[in-house]
Each structure stands twice: as structure tokens, then as C-alpha cells.
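Colleague: The structure follows.
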Amino acid sequence: PTNGVGLIKFRQSRYDVEESAGNLTLVIERYGGDSGAASCVMTITEGTATEPQNFTAPSGFAGTGPFTKTISWLDGEDGPKTVIVPLVAAAGDDSGKQFTAALGTYSGSAAGSLTTTTVVLLDDDKA
């Protein structure tokens, strides 16, 4: 156990992923402390990559875009939590299409160094 409530952040500021990968794993971490329960709300917002054409809302997320879910840690718990985003391998050129994820509404903790991440789809369709 680590003293203090800790901070919550994304592990990476950007994810580049081939659209045919099937799934993308977003990693959120609580670090620097594990005193008390902690949570934050993760919001996934469509950009040029849209749902359901390029990705599907992850399990447990509410809304019709943006999509939200509370990510929680127990007292004494720190480390990573993962969110699996199903990707859709769409026909046509989807290279460079993007969506974002953001953390906010912290409880029992505070914002870490990376509160947003961008997902960039790489098109791997064969010509």
C-alpha cells in the first residue's frame, strides 16, 4: 500500500491502431497512492471515427455518444484498469480517423498527468 489518495491518468496520450485489430485496450492507472476508494468518469467522444461505423461503444458505457462509464478502485487498490473498445474494419479508407477519450469527475483522487488520449485508426485494407 502507498500513502495518499493517488492520481488517475491514461497510460498513453495516443493510440495508433489498425482498424482490423479487432479491439483496442485503453489503460487507465491510479498511481502515487491507494488510500480510500477512488473513481473517475471516462468519456469516449466521436471525432472523424464514429460509432458504429468505426468502433462500438465499450461494454458498460452509457449514452449514444458521447459514451460514459465510471472507473473505480477500492481502498488499498492502485494500478491499471482497462477498457476494451471493439473496432470495426470498415470498407474504404479510414486511415487517420480519430476519436478521443477523457477522464473527469474525480472522486477520492485527482487528475494525473494524462487526462485525455487520442485514438488514431490506421487503414489496412488491401487495394
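Colleague: Quick one: Lys69 ticks every box in (1) open to solvent by 60 Å² or more (accessible area, probe 1.4 Å); (2) touching a helix residue (DSSP H, G or I) at 6+ places or on another chain (Cβ under 7 Å); (3) in a strand (DSSP E or B) bar one, so which box is it?
Modeller: (2)
Colleague: Next up: Please find, within the stretch 79-94, the residue that is nearest to Val17 (Cα to Cα) out of those that are modelled with pLDDT of 95 or more and open to solvent by 50 Å² or more (accessible area, probe 1.4 Å).
Modeller: So, considering only residues that are modelled with pLDDT of 95 or more and open to solvent by 50 Å² or more (accessible area, probe 1.4 Å), the one nearest to Val17 (Cα to Cα) is Ile84.
Colleague: Which ones in the stretch 114-127 are at pLDDT below 95 and assigned to a loop (DSSP other than H, G, I, E, B)?
Modeller: Asp123, Asp124, Asp125, Lys126, Ala127
Colleague: Inspect the stretch 76-86 for any residue being in contact with a helix residue (DSSP H, G or I) (Cβ under 9 Å, 6 or more places away or on another chain), polar (S, T, N, Q) and in contact (Cβ under 8 Å) with a residue 40 or more places away in the chain and give the result as yes or no.
Modeller: The initial filter retains those residues of the stretch 76-86 that are in contact with a helix residue (DSSP H, G or I) (Cβ under 9 Å, 6 or more places away or on another chain), namely none.
For the stretch 76-86, residues in contact with a helix residue (DSSP H, G or I) (Cβ under 9 Å, 6 or more places away or on another chain), polar (S, T, N, Q) and in contact (Cβ under 8 Å) with a residue 40 or more places away in the chain: absent.
Colleague: Out of (1) of a type in the set (Val, Ile, Thr); (2) part of a strand (DSSP E or B); (3) surrounded by 13 or more Cβ atoms within 10 Å (Cβ to Cβ); (4) in contact (Cβ under 8 Å) with a residue 40 or more places away in the chain, the odd one out for Val5 is which?
Modeller: (2)
Condition check ((1) touching a Lys or Arg at 6+ places or on another chain (Cβ under 9 Å); (2) over 20 Å from Ser113 (Cβ atoms); (3) among the charged types (D, E, K, R)) across all residues:
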site	(1), (2), (3)
Arg14	no, no, yes
Ser20	no, yes, no
Gly33	no, no, no
Phe61	yes, yes, no
Ile71	yes, no, no
Gly76	no, yes, no
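Colleague: Of all residues in the stretch 9-40, how many are hydrophobic (A, V, I, L, M, F, W, C) and farther than 26 Å from Leu121 by Cβ? Write out each step before concluding.
Modeller: Filtering the stretch 9-40 for residues hydrophobic (A, V, I, L, M, F, W, C) gives 10, 17, 21, 24, 26-28, 37-38, 40.
Now narrow it down to the ones that are farther than 26 Å from Leu121 by Cβ: 37-38.
Of the residues in that region, 2 qualify.
This table checks each residue for (1) assigned to a strand (DSSP E or B); (2) more than 14 Å from the chain's Cα centre (by Cα).
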| position | (1), (2) |
| --- | --- |
| Ile28 | yes, no |
| Val41 | yes, no |
| Ala57 | no, no |
| Thr64 | no, yes |
| Ala90 | no, yes |
| Phe99 | yes, no |
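Colleague: Suppose we filter the stretch 41-57 for residues that are in contact with a Pro (Cβ under 7 Å, 6 or more places away or on another chain), open to solvent by less than 30 Å² (accessible area, probe 1.4 Å) and either closer than 20 Å to Asp123 by Cβ or modelled with pLDDT under 95 (or both); how many remain?
Modeller: Counting residues in the stretch 41-57 that are in contact with a Pro (Cβ under 7 Å, 6 or more places away or on another chain), open to solvent by less than 30 Å² (accessible area, probe 1.4 Å) and either closer than 20 Å to Asp123 by Cβ or modelled with pLDDT under 95 (or both) gives 1.
Colleague: If we scan the stretch 9-25, do we find a residue that is of a type in the set (S, T, N, Q) and assigned to a loop (DSSP other than H, G, I, E, B)?
Modeller: yes
The values are calculated or read from the model by the stated rules, or taken from the named source; none is laboratory data. Only a predicted model underlies this, so the values are computations on that prediction, with no experimental measurement involved. So basically every Cβ, Gly included, is an ideal-geometry build from the backbone, and we count neighbours across all protein chains shown. Quick note on the areas: whole protein, heavy atoms, side chains included, nothing else; ligands and nucleic acids left out. Shrake-Rupley method; radii C 1.70, N 1.55, O 1.52, S 1.80 Å.
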